[in-house]
Structures are given as structure tokens and as C-alpha cells.
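Bear in mind that the values in this text are calculations on the coordinates, not laboratory data. No experiment lies behind these values; they were computed from the predicted model shown. All Cβ positions, glycine included, derive from the backbone under ideal geometry; neighbour counts span all protein chains shown.
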Amino acid sequence: MTKIVLLNATPQNSPNAYLWGMVTVAEIIGQKLFTRENLITLLQAADEEGILILKKAGKLKLKRVGNKVYFRGLIELSNVCEKDCLYCGIRNSNKKITRYNLSDEEVLEAASFAYRERFGSIVVQSGEVTNERFVSRIEQLIVQIKELSNNQLGITLSLGEQTEDTYRRWFEAGAHRYLLRIESSNPELYSRLHPSDGHHPFEQRLEALKTLKKIGYQTGTGVMIGSPGQTFADLANDLLFFKTFDIDMVGMGPFIEHEDTPFGNPLRDAPTLAERFNLSLKMVAILRLMMPDINIAATTALQAIDPLGREKAVKAGANIIMPNITPGNYRNNYLLYNNKPCTDEEPEQCAGCLDARLALTDSEIGYGEWGDSKHFGKKVKG
Ligand code: 5AD
Ligand code: FES
């Protein structure tokens, strides 16, 4: 029996680990030994070993999906939300925020801006609303956005859990990607992050993801990293969930407290923001190593902790950035967490600033391209 087989059978923290010998980070990556135990080892790797993971992932990204970063102009359509997730600043019970709803004109103007700037795609995101008025409004907006861009803008939706019929209507109207984070693949942790009011069951989230896939959307999901009570084993399982579920895109980032939520104060022993940031970069890198041809977003929450957060994620394997193109006056009301960056800027300022910053990472921006998940493309071609 080889050393590695023995090691994979042995948890790293077992008292026998020394006798059984330790598998190194380089061996795990080189031989793609992504078992749960080895993923925990990667997540806990520090110093040079930690840096090695980021570097290897950066290199593999260049080899498998190239050095292009694709833009998805983010339109935060409304902060009205039927849900009440315990961590989220726009949860229904937060009475301190001013609720807003962009007008159709404002949404279409933002989409035209993305088209003019050759962003390639937009993401329409909103708090969760499920009534027929909302569903048909989105349906019509999708058609209008396709029209104003000569069918050229790709449309990603991030509008929460909806019925199969709703997902189908939006798909048929022209949206082709959907983001719905699982938040945690551990049903027990999921239930601690959500109210037990019958409206937030884990199974419903999982079902929604399966439905999106079945309909034919490029399906993206993700988790919060460093959320209250989360363990390294949870994160390792999340990575395995992404792989098993065979997702096309991922957006994940650090959990950041929002003061007007039940999780507004860090729990005792919570990881620091810096630790959550580093762990998030590592999650991006490890996932790139496990799933080399998917799309991985460098999320805004990273930038809330480190001004260069998104660029660092691009170096560690991410290839998607979502510049915020919501009209400036609304941005202060879409605060999912404290310190959200760029809330005072206008879209024009964001675009210019990103171009310059990404040049520093040796990346090229895929202007005017959809930048679809190569992973999805392969599945469709069979
Ligand atoms: N910290 C980090 N991310 C958050 N989200 C919501 N609240 C927070 C928070 N406090 C994320 C969730 C959700 C996405 C829209 O924003 O993962 O899916
Ligand atoms: Fe659920 Fe905002 S209320 S993510």
C-alpha cells in the first residue's frame, strides 16, 4: 500500500497521523487527492504552503481558462425582500433601511450603459419577491434588455428561490445564467443561519438549484466563508458539494457582520476579518484546482475587507468580476453587510478604475464577450 492511500484513510488530527506520515500540500495538489481530509489540510495550510496553493491555482487558471476576466455589470434592482436570513442586511425584519425599487427606465439605462461599455453581460439581482407582478416585470425587462442590446448582452439572474414555472418563463425570455447560493451545504448549519419559520428550508434551496440545472441555466452557487459556527470540515464539504453538484459558476466570499441583524456582533472565537479574507482566497484557489474550467467570481465582499481583494482573488484563480452599475443614489440601500465598497460612486467611475487595477494582475478584460463557463459548454456539447 502506498503512503498516500494510508494517509487518505487517516484524519490529519488523529493521534496516529504522525505514525501514518503526513501528505504534503504539494502532493495533494499534484496528485489531485481532494478528499475531505486533504481539503481540510489545504484550508488550514499556512505560510509558504498557503501561498503555494494560491500560486498553483493562478497558474492552472491561465492554462485552462486563460488570462481573461469577464465583467458582469451588477444591477441591484430592489432591496425589498420576503426572506429573513439572519445574517443579511436587507432581511425583511430590518426596519432601519429605506426600501427601494428601481424604475424600469433605470434598469434599462443601466443595461444600456453595460452594453455601451462592452461589458458582455449583466446580473440582475434583487431581494426575493415571488408575486406575479414581479415575475412578469422581470420577464418583460429581460426581453427589453435583449432588444436594446441586439441580443448581445448576456443576462444572469440572482433573484432567489422561485417556482419552476417562474424560472422557465425567465429562461424562455432570454436569461441564461442563474446564481443562487446554497450558503452552506450542511443542512444543520444552514438551519442555524436562517429562521425556523417554515420559509427557509434547506431542501427548498437545494430543489431550486436542481430545477435551475434541469431547465438549462448555467447554474451558479456559493457559500459564505467564516459564517457563525462554520467549521473547516463544513467548508471542505462545501467544496465537495460544488464538485458533486457539477456547478458551472461560483460566487463565494467572506461573511461580514451587518449591525442591524441577529448576527451583528461576532461570536466568541469567530475568525477575524483578515482570517476570513485569507480563507476565502484559499477557497477560490482550491476550487479552481478541483474544477479548472468553471467560472469563479471575485466577489465584492472580498473588497470590503481588503481594497485589493478582488484583484487578489483574480490572481488566485477567479475570472469573473461584477462591477456595480446600480445608479449611485440607490447603492447605499443595498447593504448586505457593513463596509460595502463603492457605494458612493457612479458606474462610470467603477469601470475606469477596474480597468486600471486589473492591468496590474496581468489580466485582460474580455470586453464584449459573454465569457460563459467553459465547463457548461463542454457539458452541452457532450
Ligand atoms: N456577509 C456576507 N455575505 C452576505 N450575503 C448576505 N448577507 C451577507 C453578509 N452579512 C450574501 C449571501 C447572499 C448574497 C446575495 O449576499 O450569500 O446569497
Ligand atoms: Fe436572504 Fe438577504 S434575506 S440573503
* Do you know the relative contact order of region 34-165, to the nearest whole percent, from alpha carbon pairs under 8 angstrom that are 6+ apart? -> 24 percent
* **Taking only Cα atoms of the chain, radius of gyration then Dmax in Å** => 20.3, 67
* Asked: What's the angle, to the nearest 10 degrees (0 to 90), between helix 232-245's Cα axis and the longest principal axis of the chain?
  -> 60 degrees
* To do: Starting from 0 in steps of 10 Å, tell me what percent of the Cα-Cα pairs of region 20-71 lands in each bin.
  => 22, 48, 24, 5, 1
* Which whole-number percent gives the relative contact order of region 179-297, counting Cα pairs below 8 Å spaced six or more residues apart? -> 27 percent
* What is the distance in Å between the Cα centres of region 110-170 and region 273-328? -> 24 Å
* Mean Cβ neighbour count within 10 Å, used as a protection proxy, ranking 326-332, 98-104, 304-310 highest first -> 304-310, 326-332, 98-104
* Asked: What ranking do 246-253, 281-288 get when scored by the average of other Cβ atoms within 10 Å per residue, highest first?
  -> 281-288, 246-253
* Whole-number percent relative contact order across the chain, with pairs defined as alpha carbons under 8 Å at least 6 apart -> 23 percent
* Of Gly50, Gly198, Gly368, which is the most mobile in a GNM of the chain whose springs link Cα atoms less than 10 angstrom apart? -> Gly198
* To do: Kindly put Leu235, Leu153, Leu86 in sequence by how many other C-beta atoms sit within 10 Å of each C-beta, fewest to most.
  => Leu86, Leu153, Leu235
* Cβ crowding within 10 Å averaged over residues, with 29-38, 52-61, 74-83 ranked highest first -> 74-83, 52-61, 29-38
* Divide by every residue of the chain the summed helix terms, -39500 (n - 2.57) for each DSSP H run of at least 4, and state the resulting mean residue ellipticity at 222 nm, rounded to the nearest 500 deg cm²/dmol. => -13500 deg cm²/dmol
